[in-house]
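The values are calculated or read from the model by the stated rules, or taken from the named source; none is laboratory data. Note that the coordinates shown come from a computational prediction; the quantities given were computed from them, not determined experimentally. Glycine gets a Cβ as well: all are built from the backbone with ideal geometry, and neighbour counts include every protein chain shown.
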Amino acid sequence: MRTLEGYATTTLNHPRERVWQFIADPVRAVEFMAGIEELTPVELDAEGRVTVADVVGRLLMVPVTFRVGFDYSMPSKVSFGTVGRAISVRKIAGSFSLTDLPNGRTLLRYDIFGDLGPAGSLLLRGPVREQMLRFVLHDRIRELARIAHDELGPDPNRTIA
């Protein structure tokens, strides 16, 4: 099987609007998306947001390059996907979605789909596939949550007795 897909979720103790400001900047992906070494904006929309970028990175130690497009559904979803013919992968698509929770908290969901082409069918078997999913999904959302917590500050709803 050459595709890799799944989702992971985490709860952030901040309102959706504050979390949106954090996830709506794709250039920051290099901070929490292991494997992405460079993300260079190619096109911006009227609000200055990245709509197309060139990505350079590594997938299972193999250099990859591709162009990715971004779509913003304010203030609850940032979607992304390969644009045109990817050099190293067939297709990558995904999104970060935000859902309001009680008490000013936000549910962050990260969805990913990747068609890694013929080489992926050789690499993504059995335990390697499961490790890759953990690395691509769960480890990344945990890292994003850690960085968001560091930047957005402590839980604003927490009371100190």
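Tell me, please, whether a residue that is over 20 Å from Leu107 (Cα atoms) and outside any strand (DSSP E or B) can be found in the range 6-24. Please lay out each step first, then the result.
Residues of the range 6-24 over 20 Å from Leu107 (Cα atoms): none.
No, the range 6-24 has no match at all.
So, of the residues in the range 57-96 that are closer than 19 Å to Tyr7 by Cα, touching a Gly at 6+ places or on another chain (Cβ under 8 Å) and surrounded by fewer than 18 Cβ atoms within 10 Å (Cβ to Cβ), which turns out to be modelled with the lowest pLDDT?
Among those that are closer than 19 Å to Tyr7 by Cα, touching a Gly at 6+ places or on another chain (Cβ under 8 Å) and surrounded by fewer than 18 Cβ atoms within 10 Å (Cβ to Cβ), it is Lys91.
Can you tell me which residues in the range 43-73 are of a type in the set (D, E, K, R) and out of contact with any Ser or Thr (no Cβ under 9 Å at 6 or more places or on another chain)?
From the range 43-73, those of a type in the set (D, E, K, R) are 43, 45, 47, 49, 54, 58, 67, 71; that's our starting set.
Selection gives Glu47, Arg49, Arg58.
So, in the range 132-149, exactly how many residues are touching a strand residue (DSSP E or B) at 6+ places or on another chain (Cβ under 8 Å) and modelled with pLDDT under 80?
So the first thing to find is which residues in the range 132-149 are touching a strand residue (DSSP E or B) at 6+ places or on another chain (Cβ under 8 Å), and the list is 132-133, 136-138, 140-142, 144-145, 148-149.
When the remaining residues are screened for being modelled with pLDDT under 80, the result is 132-133, 136-138.
Adding up the residues that qualify gives 5.
Among (1) farther than 19 Å from Phe32 by Cα; (2) touching a helix residue (DSSP H, G or I) at 6+ places or on another chain (Cβ under 7 Å); (3) modelled with pLDDT of 80 or more; (4) surrounded by 17 or more Cβ atoms within 10 Å (Cβ to Cβ), where does Arg105 come up short?
Looking at each condition in turn, Arg105 falls short on (2).
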